[in-house]
Amino acid sequence: MIDFIISFLKQLSENNNREWFSENKEKYEASKDAFVDLITFLHKEIAVFDDDIRMLKPRECMFRIYRDVRFSKDKSPYKTNFGAYFNKSGKKVQNAGYYFHIEPDNCFLSGGIYMPPPPLIKTIRQEIFYNYDELKKIISVKKFKEYFGDITGDRLKKLPPEFPKDFAGAEYLKLKDFYVLHYYNPDNYKESELIKYATGVYREMKPLNDFLNRAAF
C-alpha cells in the first residue's frame, strides 16, 4: 500500500502536467483509495485516546491533490504528496490536531497549529504566558523531546511589547506558528507497523494539542 502510493507520487513529480495525470487517472484513484484506507485505520487508533476526533470521516480529512496556482510562480497543477489532518472541527479549521503526510523523501507526522490568524496567535501567547510551567512540563517529557525536539515555526525577532523581557518562556512568545514535526522513513514499516508507530507519536503530541486548543476555543 505505502510502496504503491510512493511510486505513484514519484511518477507524478516527474510528470506534473494535466496530460499525464489524465492518462494515469486510474493510478491516481487507486493511490488515493490506498491512502484513504491507511488514514481510516490511523483515525480509528487516534480516536482511542482522543475522543474529540471520533466523529470525523477520514476521507473528508484528506487534502485535495490539486494545487491553487493563482498566486504562485510555480504553476505545477498537482501536489506531489498526500496529506490528511484530523482535528475535531475539520481540516479547514485552524486548531491543533494530527497531520499525516506521505511524499517521496519527505514523509512526516505533525501536530499543533500552523499559520494561525493574528487573533489566535494573541490568545495562544496569553495561554503560554499565564501557564508556561504547564507548557514547559509538556515539552520536557522524554518521549516528546525524542520525537519532536521542541515546538517550531516562524518567529518574531523581538518579543511582543506587551510581555516582560525577562519572561522565562520568551522564545515561545515570539513564535508565529506552534507546531511539532517528526520525520519517518516509510521503507522501515509495513502498513500495520506504520499505523502503530504513528499512533504512538501522536499520543505524545496530544498534551500539546490540548494546551493549544484551550487557547483556541
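Taking the criterion of being modelled with pLDDT of 95 or more and surrounded by fewer than 19 Cβ atoms within 10 Å (Cβ to Cβ), the residues of region 82-104 that qualify are 101, 103, 104. Summed over region 101-117, residues that are closer than 15 Å to residue 213 by Cβ, among the hydroxyl-bearing types (Ser, Thr, Tyr) and not in a loop (DSSP other than H, G, I, E, B) total 0.
What about residue 214, is it of a type outside the set (A, V, I, L, M), at pLDDT below 95, surrounded by 13 or more Cβ atoms within 10 Å (Cβ to Cβ) and assigned to a helix (DSSP H, G or I)? Yes. Annotation: residue 127 fulfils all but one of (1) free of Cβ contacts under 8 Å to residues at least 60 places away in the same chain; (2) over 29 Å from residue 41 (Cβ atoms); (3) among the charged types (D, E, K, R); the unmet one is (1).
Would a scan of region 153-175 turn up a residue that is surrounded by 12 or more Cβ atoms within 10 Å (Cβ to Cβ), among the charged types (D, E, K, R) and part of a loop (DSSP other than H, G, I, E, B)? Checked region 153-175: at least one residue is surrounded by 12 or more Cβ atoms within 10 Å (Cβ to Cβ), among the charged types (D, E, K, R) and part of a loop (DSSP other than H, G, I, E, B). A count restricted to region 77-100 and to residues that are hydrophobic (A, V, I, L, M, F, W, C) and touching a Cys at 6+ places or on another chain (Cβ under 7 Å) stands at 2. Of everything in region 42-81 that is crowded, with 18+ Cβ neighbours inside 10 Å and in a strand (DSSP E or B), the residue that is farthest from the chain's Cα centre (by Cα) is 78.
The values are calculated or read from the model by the stated rules, or taken from the named source; none is laboratory data. This is a predicted model, so every value here is computed, not measured. Cβ atoms come from the backbone with ideal geometry, glycine included; neighbour counts cover every protein chain shown.
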